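*Asks:* Structure below; questions to follow.
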Amino acid sequence: MDDPRLKPMIFSKGSLDKQTEFGDNFGAWMKWLRDTFAEADRKSMELTNLEMKRKPADGEEGWENKFEIKIRLKSWSHSIRQNQFKEWNAGIEKIKINSGGDRNELVVTLFVPKKVVVQDLWNMGWQNTYVFVTALNIGTMGFFWWYTPTYISRYFERIRDVEHDSEIIVDRTPMLKIVWPPQALKSPDLNNISIVYNFIAQANQQQFESTHRYFRNLGLMAKNDILFQFEPTIFIEFISALKDAMAAYGDWDGKPETAETSMTAFFEGVPATPEFTGMVRNFLNLADQMIANKIAPRPITLDDVARAKLIFDGYFKIKAQRWYMDELAKRQSG
């Protein structure tokens, strides 16, 4: 039952019906389960061998769905409601989104066409998953990942006062958790996700690398807990990913002495509030000091991390939306 693939089969209706049929003879039921699993593995291996020999389809047939990849994501920032995905699922053929087991879980299904052979399935699926999860985080300006940190306030199961036989509540304050404003995943977020997804998909290698750095940093955020804290590293990486992106998309010439001017000029042209551009300037200088001196001039908190992510998200959303409007104009004029 520790195997996540086998557990649903053990508790399936067919399996429980067999248990009832065998009565108290649990050995017979165990043998039936073992034989059933072995037969399923045999068929799976047989199908895999056939797939390994299959030639990729071409033409219109090549775009028909062949494989289905399902991923389950957790959110720290948004609540999930199924009724928000009706329009997306009706309009987007290859990516379907649904709510999961609770209000903070998202189930994403990626459909892979027949033109992809099984030897390329893992890499092709991972590439599309990476682009979607990146677009999801940037488009919503929130946090979505396969898992979220567990040990954010305590390293123990419980503490008990032996003398008084009573549990003692002792937690880390504040918890290592970003406090996002209450928000639900809504249609404008989904539109942003779609635009950012397509923007990333047409990026060149240098542009692609900046979002890849951002994606790796999301993984580091998910691993950040009281057992090992990465706040300074995550903060630097978000600012560095921003600098990579601005250089890749031509908004900065890559020279250290022009970084602050280029970045604040970009956001002042949005326009952004003076407080926001001031934060950009402050965070850029802070990251430079940390890199140069190998130490932060002040403690770096998860709030700093969230704001650094917000700056990257804001920049990238603006770039994606401008690209989208240019593409619309080209199509209309064409």
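The values are calculated or read from the model by the stated rules, or taken from the named source; none is laboratory data. If you're wondering where the values come from, they're calculated on a predicted model, not measured in any experiment. As a convention, Cβ positions derive from the backbone with ideal geometry for all residues, glycine included, and neighbour counts pool all protein chains shown.
*Asks:* Quick test of your reading of the structure: I311 fulfils all but one of (1) farther than 24 Å from I200 by Cα; (2) touching a Leu at 6+ places or on another chain (Cβ under 7 Å); (3) among the β-branched types (V, I, T). Name the failing condition by number.
*Replies:* Unmet for I311, out of (1) farther than 24 Å from I200 by Cα; (2) touching a Leu at 6+ places or on another chain (Cβ under 7 Å); (3) among the β-branched types (V, I, T): (1).
*Asks:* For G100, indicate whether it is surrounded by fewer than 20 Cβ atoms within 10 Å (Cβ to Cβ), among the small types (G, A, S), touching a residue at least 24 places away in the same chain (Cβ under 8 Å) and farther than 27 Å from R213 by Cβ.
*Replies:* yes
*Asks:* Hey, another quick one. Of N192, N128, which residue is surrounded by 17 or more Cβ atoms within 10 Å (Cβ to Cβ) and more than 23 Å from F238 (Cβ to Cβ)?
*Replies:* N128
*Asks:* Right, next: Might you check whether a residue that is touching a Gly at 6+ places or on another chain (Cβ under 6 Å), touching a residue at least 12 places away in the same chain (Cβ under 8 Å) and in the same structural domain as N192 (by TED's automatic domain parsing) occurs anywhere in segment 114-132?
*Replies:* Yes; the residues of segment 114-132 include at least one that is touching a Gly at 6+ places or on another chain (Cβ under 6 Å), touching a residue at least 12 places away in the same chain (Cβ under 8 Å) and in the same structural domain as N192 (by TED's automatic domain parsing).
*Asks:* Is it the case that D24 is outside the structural domain of F111 (by TED's automatic domain parsing) and closer than 25 Å to V118 by Cβ?
*Replies:* Considered against the rule, which asks whether it is outside the structural domain of F111 (by TED's automatic domain parsing) and closer than 25 Å to V118 by Cβ, D24 comes out as no.
*Asks:* Let me ask something additional. Taking the residues in segment 229-288 that are among the basic types (K, R) and surrounded by 14 or more Cβ atoms within 10 Å (Cβ to Cβ) as candidates, determine which candidate is modelled with the lowest pLDDT.
*Replies:* R281
*Asks:* Which pairs do you get when a residue that is of a type in the set (D, E), found in segment 246-261, comes within reach of a residue that is surrounded by 12 or more Cβ atoms within 10 Å (Cβ to Cβ) and part of a helix (DSSP H, G or I), reach meaning Cβ atoms under 6 angstrom, with the pair 6+ apart or on two chains?
*Replies:* Filtered contacts from segment 246-261: D251/F266; E260/R281; E260/L284.
*Asks:* In addition: Starting from segment 302-320, take each residue that is in contact (Cβ under 8 Å) with a residue 40 or more places away in the chain and closer than 20 Å to K177 by Cα and list its partners that are in a helix (DSSP H, G or I) and among the β-branched types (V, I, T), counting only C-beta distances under 6 angstrom and pairs at least six apart or across chains.
*Replies:* Within 6 Å, the pairs are V305/I234; A308/I239; I311/V280; D313/I138.
*Asks:* Now a separate question. Across segment 151-178, which residue is farthest from W88 (Cα to Cα) among those that are touching a residue at least 12 places away in the same chain (Cβ under 8 Å) and among the aliphatic types (A, V, I, L, M)?
*Replies:* Per the stated criteria, the residue is V170.
*Asks:* Another question, if that's okay. Kindly indicate the residue of segment 45-69 that is modelled with pLDDT under 90 and among the aliphatic types (A, V, I, L, M) and also farthest from K114 (Cα to Cα) among those meeting that condition.
*Replies:* M45
*Asks:* Can you report the number of residues in segment 227-245 which are in a loop (DSSP other than H, G, I, E, B) and in contact (Cβ under 8 Å) with a residue 12 or more places away in the chain?
*Replies:* Residues meeting the conditions: 2.
*Asks:* Residues of segment 275-296 being farther than 16 Å from I234 by Cα and not aliphatic (A, V, I, L, M), which ones?
*Replies:* Answer for segment 275-296, where residues must be farther than 16 Å from I234 by Cα and not aliphatic (A, V, I, L, M): E275, F276, T277, G278, R281, N282, N293.
*Asks:* Check whether at least one residue in segment 86-103 is part of a helix (DSSP H, G or I), at pLDDT below 90 and not aliphatic (A, V, I, L, M), and report yes or no.
*Replies:* So far as segment 86-103 goes, no, none of its residues is part of a helix (DSSP H, G or I), at pLDDT below 90 and not aliphatic (A, V, I, L, M).
*Asks:* Okay, moving on. T258 - would you say it is out of contact with any helix residue (DSSP H, G or I) (no Cβ under 9 Å at 6 or more places or on another chain) and polar (S, T, N, Q)?
*Replies:* yes
*Asks:* Then there's this: Determine whether segment 33-46 contains at least one residue that is of a type in the set (A, V, I, L, M, F, W, C) and touching a residue at least 60 places away in the same chain (Cβ under 8 Å).
*Replies:* Within segment 33-46 (the criterion being of a type in the set (A, V, I, L, M, F, W, C) and touching a residue at least 60 places away in the same chain (Cβ under 8 Å)), the answer is no, since none of the residues qualifies.
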